[in-house]
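The values are calculated or read from the model by the stated rules, or taken from the named source; none is laboratory data. What you see is a predicted model, and the numbers here were worked out from it, not measured in a lab. Every residue, glycine among them, receives a Cβ derived from its backbone with ideal geometry; neighbour counts consider all protein chains shown.
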Amino acid sequence: MTGIKPQPGIMKIAPYQGGASCVDGVANVVKLSSNENPIGASDDAKEAFRKASFDLHRYPPTDHASLREAIGEVHGLDPGRMICGVGSDEIIAFLCQAYAGPGTEVIHTEHGFAMYRISALANGARPVEVAERDRVTDIDAILAACTPKTSIVFIANPNNPTGTMVGEGELARLADGLPDHVLLVIDGAYAEYVDGYDGGAALVEARENVVMTRTFSKLYGLGGLRVGWGYGPAHVIDVLNRIRGPFNLSQPALVTAEAAVRDAAWADKCRNENARMRAWLADALAGHGVASDTSTANFILARFAGPKEAEACDEYLKTQGLIVRRVAGYNLPQCLRITVGDEPACRRVAHAVGQFMGAI
């Protein structure tokens, strides 16, 4: 028997499972399990990716300066306080690697994104799960859970998989109420879907204990390229860049993301279409007796009478070629998360859910 052992905490990790993309024996499936943009990337982004194929033999730049400048121009932020990563997941991992470890605690909410717990355990920290209030982040519960061992607080706003969010005043109250040694990380993967919301950028600029993460995988339709970014105090970004691999992002990913973030018209189109179909789908599901909270993201968390009903609905949807996401792993066994697809997909899934509910 070997004496080789991994770091403490790693064997407690349940490997992350992405959304399914196929159903055995069923053709022409519609994937609504991974919160992908059904419209896809803009033409400008696709052209940038095509041109990048001529330089695949070249190493990418290590400083990501051009992409950071573009993000800064579009969002009115300081590029010097940004870091780019392989999706926002990598930024989350960097933060845990830098600021969490054995003897520390990392707070996340009961329905929060799975990578918070995974990254905490991977670095030997103890994840602390805090209750939400009716599937909404509870600021008072988070503050009460902080101890001298707390190193990081992660919240997603809007949250995945609930689609709910808290206001900027509540975020500020949380940032101001945390102990001096605690870093607040606001995961804004779905921030672009909320009109007038900066994802926490103003909080970052006004404080030394707040970091914001963002992604190109959702609104910009670049999930396949894995590009994310973080914005934080200079002292945090300096630390993260010391552990970031020099070539963590490829040149095709960098130039495609730059073209995507500069195409404001495409982003507006995707945001508006998502809002239109999100409202339609929520109303259609409600008409079939399936409730949901008001979503501020690109998915709906459909609530059923119980776990058995949710599972049975999921199985029925599969027979119809519709793939949604079970979220029992997020302490929501009575729910299914349904990505807001294009209009034909939304109508198809609403019709199928109606057929299922009408038969029980």
Cβ-Cβ under 9 Å pairs, at least 6 apart or on other chains, segment 103-120 side on the phi > 0 side of the Ramachandran plot, far side of a type in the set (Gly, Ala, Ser) and surrounded by 23 or more Cβ atoms within 10 Å (Cβ to Cβ): GLY103/ALA125
Any helices (runs of 4 or more DSSP H) falling wholly within segment 187-269 and containing at least 3 residues that are among the aliphatic types (A, V, I, L, M) and over 24 Å from SER295 (Cα atoms): 234-243, 251-262
Check on ALA48, in the same structural domain as SER250 (by TED's automatic domain parsing), surrounded by 15 or more Cβ atoms within 10 Å (Cβ to Cβ), aliphatic (A, V, I, L, M) and in contact with an Asp or Glu (Cβ under 8 Å, 6 or more places away or on another chain): yes
Criterion (surrounded by fewer than 20 Cβ atoms within 10 Å (Cβ to Cβ), modelled with pLDDT of 95 or more and either closer than 28 Å to LEU222 by Cα or in the same structural domain as LEU178 (by TED's automatic domain parsing) (or both)) met by exactly one of GLU129, GLU105: GLU129
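Quick grid of which residues meet (1) surrounded by fewer than 21 Cβ atoms within 10 Å (Cβ to Cβ); (2) free of Cβ contacts under 8 Å to residues at least 60 places away in the same chain:
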{"site": "ASN37", "(1), (2)": "no, no"}
{"site": "ALA52", "(1), (2)": "yes, no"}
{"site": "ASP55", "(1), (2)": "yes, no"}
{"site": "TYR59", "(1), (2)": "yes, no"}
{"site": "SER66", "(1), (2)": "yes, no"}
{"site": "GLU69", "(1), (2)": "yes, yes"}
Test: residue in segment 112-121 that is of a type in the set (Val, Ile, Thr), surrounded by fewer than 19 Cβ atoms within 10 Å (Cβ to Cβ) and within 17 Å of the chain's Cα centre (by Cα): no
Close pairs (8 angstrom Cβ cut-off, 6 or more residues apart or separate chains): more than 21 Å from ASN159 (Cβ to Cβ) in segment 207-223, of a type in the set (Val, Ile, Thr) and not in a loop (DSSP other than H, G, I, E, B) anywhere: LEU222/THR256
Test set (1) over 26 Å from the mean Cα position of the chain (by Cα); (2) at pLDDT 95 or above; (3) in the same structural domain as ARG325 (by TED's automatic domain parsing) - ALA27 fails condition number: (2)
Hits in segment 279-319 (condition: charged (D, E, K, R) and either assigned by TED's automatic domain parsing to the domain that holds ASP187 or farther than 16 Å from ARG347 by Cα (or both)): ASP293, ARG303, LYS308, GLU309, GLU311, ASP314, GLU315
